[in-house]
Amino acid sequence: MADTDLSTTSEHGVLGVRDVDFTLERLPPAPDLAALVERHWVVTWELPPGREASVTLLPHPCVNLVLDEGRLAVSGVGLGRFTYAYHGTGRVFGVKFRPGAFLPFLGRPVGDLTGTAVPASALWGPAADALAARMTGPVDALVGHVEAFLRERWPDDDPQVELVGRIVAALLRDRTITRVDDVTDRFDLAPRTLQRLFRRYVGVSPKWVLRRYRLHEAAAALAAEQHRPWAEIAAELGYYDQSHFIRDFTDAIGMPPLAYAAACRRREAPVSA
């Protein structure tokens, strides 16, 4: 299976700058699950009566198993940003699978899930509903229940998962990769082979993954360094056509980079899709 160091290690994806009114905790999986599971995550909040808040996210190219309000769902790769609104006291728990690593559980192209979320029972039947009913109490109990569930359904090794993991790690970390041709050259793959591999295992194209990771970094840099020239950030990320960067950034984030930096200075959340 995949080298456990080859993961989407980026912790970007939460857009904007805001007061901390929720807590995000990331937990590593058990070592025997780490080839396919990147991490567990849990978001908790406790707001005073009458107050509402929201968080806008730009998702990673991963499938998540999510427990929210007692319902367990399998969420495919999210194509656009989305806003989660919350109030009162609550918690959302998730299992983030490595890019390409959910296909052995699904048994069909992961692209079938892209842009959608389906009840976990659609994949695993009544056992998934029983798991959701057991997932109460402290976080370590939730982790224990879901990891036992996955072990019982652990798939056979698939060497393509390891290959996808290496490619995705390169897209994430290597600044010299600016085009899909760079990937095909490095991994000695025909363009059509690479496209089919990603469509089946990841659910989106390699170009989409590369762009998403770079936009994650651009948004994080502008939020942290709000007066820094956005063109400088774009160049560092391999965007040598400024109009191309503006178009990609605006499509993904919902506003141009200059407006986004200004909104971050005002501590305003981005517009949701």
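The values are calculated or read from the model by the stated rules, or taken from the named source; none is laboratory data. Remember, predicted model here, so these are calculated numbers, not experimental data. Glycine also receives a Cβ, built like all others from the backbone with ideal geometry; neighbour counts cover every protein chain displayed. Surface accessibility is based on the protein's heavy atoms, side chains included, excluding ligands, DNA and RNA. Shrake-Rupley method; radii C 1.70, N 1.55, O 1.52, S 1.80 Å.
Within the stretch 191-222, the set of residues being under 18 Å from GLY13 (Cα atoms) and among the aromatic types (Phe, Trp, Tyr) comprises TRP208, TYR213. When GLY78 is tested against the conditions (1) more than 14 Å from VAL202 (Cβ to Cβ); (2) out of contact with any Ser or Thr (no Cβ under 7 Å at 6 or more places or on another chain), the lone failure is (1). With respect to PRO159, determine if the residue is free of Cβ contacts under 8 Å to residues at least 12 places away in the same chain and more than 24 Å from GLU38 (Cβ to Cβ). Criteria not met by PRO159. Of the residues making up the stretch 109-122, one or more are part of a helix (DSSP H, G or I) and surrounded by fewer than 16 Cβ atoms within 10 Å (Cβ to Cβ). Within the stretch 128-142, residues that are free of Cβ contacts under 8 Å to residues at least 12 places away in the same chain have Cβ atoms under 7 Å from residues that are open to solvent by less than 80 Å² (accessible area, probe 1.4 Å) in these pairs: ARG134/HIS145, counting only partners at least 6 apart in sequence or on another chain. Scanning the stretch 169-194 for residues that are surrounded by 14 or more Cβ atoms within 10 Å (Cβ to Cβ), over 20 Å from the mean Cα position of the chain (by Cα) and under 20 Å from VAL110 (Cβ atoms) gives VAL180, VAL183, PHE187, LEU189, LEU194.
Look at the stretch 195-222 and say how many of its residues are surrounded by fewer than 20 Cβ atoms within 10 Å (Cβ to Cβ), of a type in the set (A, V, I, L, M, F, W, C) and more than 17 Å from the chain's Cα centre (by Cα). The number of residues fulfilling the criteria is 1. For the stretch 244-251, the condition holds for no residue, the condition being that it is within 30 Å of ALA101 (Cα to Cα) and touching a strand residue (DSSP E or B) at 6+ places or on another chain (Cβ under 9 Å). Evaluation of GLY94 against the conditions (1) of a type in the set (Gly, Ala, Ser); (2) under 19 Å from PRO29 (Cα atoms); (3) assigned to a loop (DSSP other than H, G, I, E, B) shows that the sole unmet condition is (3).
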